[in-house]
Amino acid sequence: MNKSLKKNLFLAACVLPALILFAVFIIYPTVKVFISSLYQDSGLGNVSQFVGLDNFKAMFQDDVFYIALKNTGFLMVVSGAPTILLALFFAAMLTSGKVKESNFYRVVFFFPSILSFVVIAILWSFIYHPTMGIINPVLHLFGMADLDIPVLGNRNTVMWAIAVTMIWQAAGYYMVMYIAGIDGISKEIYEAADIDGATGIQSFWTITIPLLWDILKTTIIFAINGVITNSFTIVRVMTDGGPDRDSEVLLTYMYKHAMNASFGYAMAIAVFVFAISIILSIISNKVTGGETA
């Protein structure tokens, strides 16, 4: 047996377990979801009936589905974009050398990211609670008692409350990525900019952002998909889609159909979520410049 063959066999032995795990836990479930979406399936072991695209037709005629879609899109914009901007701001401030005890603030800002989503949802549910929470007492303290409303029970405020919760949870996670990227930029570049008379803001826009662009593109895609997946736990615990379905998101709606023996319909929603995740990721990559040289 020659050395080349031995090397190839060794590489195959190293890669094969990972490929098997990927096929079993990623490829097979994904294919199974696509197949299940074409059946009228209760998910309880009963005989399935092939219905083709009927589940998708029913989905696009479902008013609650459009509410869930609108709320998911709302969170992508109102939660996703501010999360990225806030994380970038924190990273810039904490690497500027002008903030004392910056390591302490790094830990404080990152701390929410290590908490369970369930814990975060319960914590903010108490914060928003109309009698035990801190928001309404503060409003009373500043003479704004007329704004005293059940935040999670009002259709005009519930999605904003959920968005704030998701921003608080995720900002520190992306901040750490940006700090790592900024720390990797040579200090000599900033020193040269200082000698040329550039201000801190000018250095940020002309040096930090361009050299951090690859990381920014990655985190934007992470944020889009993170909002879709993480909104399930937050909404499920905080409101369960209420009041009157006004905070329903795509994954909570999918979950409820799956638990109510409408498994085929739930899988159709899952296929839709998968498709929009891929499409939005591709669009984000194109808009932000695609691959760099």
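Checked against (1) open to solvent by 30 Å² or more (accessible area, probe 1.4 Å); (2) among the polar types (S, T, N, Q); (3) more than 21 Å from the chain's Cα centre (by Cα), Asn136 passes all but condition (1). Checking each residue in the stretch 27-82 for being under 27 Å from the mean Cα position of the chain (by Cα) and basic (Lys, Arg) picks out Lys32, Lys70. Listed by position, the helices (runs of 4 or more DSSP H) inside the stretch 176-293 whose residues that are at pLDDT 90 or above and open to solvent by less than 30 Å² (accessible area, probe 1.4 Å) number at least 3 are 213-238, 250-259, 263-287. Of all residues in the stretch 6-23, one or more are at pLDDT 90 or above and either open to solvent by less than 50 Å² (accessible area, probe 1.4 Å) or under 30 Å from Arg155 (Cβ atoms) (or both). Annotation note: of Phe104, Phe110, the sole residue that is loosely packed, with under 15 Cβ neighbours inside 10 Å and assigned to a helix (DSSP H, G or I) is Phe104. Exactly one condition in (1) closer than 30 Å to Thr208 by Cβ; (2) assigned to a helix (DSSP H, G or I) is not met by Val99; state its number. With respect to (1) closer than 30 Å to Thr208 by Cβ; (2) assigned to a helix (DSSP H, G or I), Val99 is out only on (2). For the stretch 241-292, give me the residue count where each residue is of a type outside the set (Lys, Arg) and closer than 30 Å to Leu211 by Cβ. Residues flagged as of a type outside the set (Lys, Arg) and closer than 30 Å to Leu211 by Cβ within the stretch 241-292 amount to 15. Applying the criterion of being part of a helix (DSSP H, G or I) and without any contact (Cβ under 8 Å) to a residue 40 or more places away in the chain to the residues of the stretch 61-80, the residue that is surrounded by the fewest Cβ atoms within 10 Å (Cβ to Cβ) is Asp63. Here Phe90 fulfils each of the conditions (1) farther than 29 Å from Asp240 by Cα; (2) surrounded by fewer than 19 Cβ atoms within 10 Å (Cβ to Cβ) apart from (2). With the requirement that a residue be open to solvent by less than 70 Å² (accessible area, probe 1.4 Å) and either outside any helix (DSSP H, G or I) or in contact (Cβ under 8 Å) with a residue 24 or more places away in the chain (or both), what does the stretch 24-45 give you? Result: Thr30, Val33, Ser36, Ser37, Leu38, Asp41, Ser42, Gly43. Residues considered: Ile127, Ile149, Ile120. Of these, the only one that is of a type in the set (A, V, I, L, M), surrounded by 11 or more Cβ atoms within 10 Å (Cβ to Cβ) and not in a helix (DSSP H, G or I) is Ile149.
The values are calculated or read from the model by the stated rules, or taken from the named source; none is laboratory data. Keep in mind it's a predicted model, so treat the numbers as computed, not measured. Neighbour counts are summed over all protein chains in view; Cβ atoms, including those assigned to glycine, are modelled from backbone coordinates with ideal geometry. Surface accessibility is based on the protein's heavy atoms, side chains included, excluding ligands, DNA and RNA. Shrake-Rupley method; radii C 1.70, N 1.55, O 1.52, S 1.80 Å.
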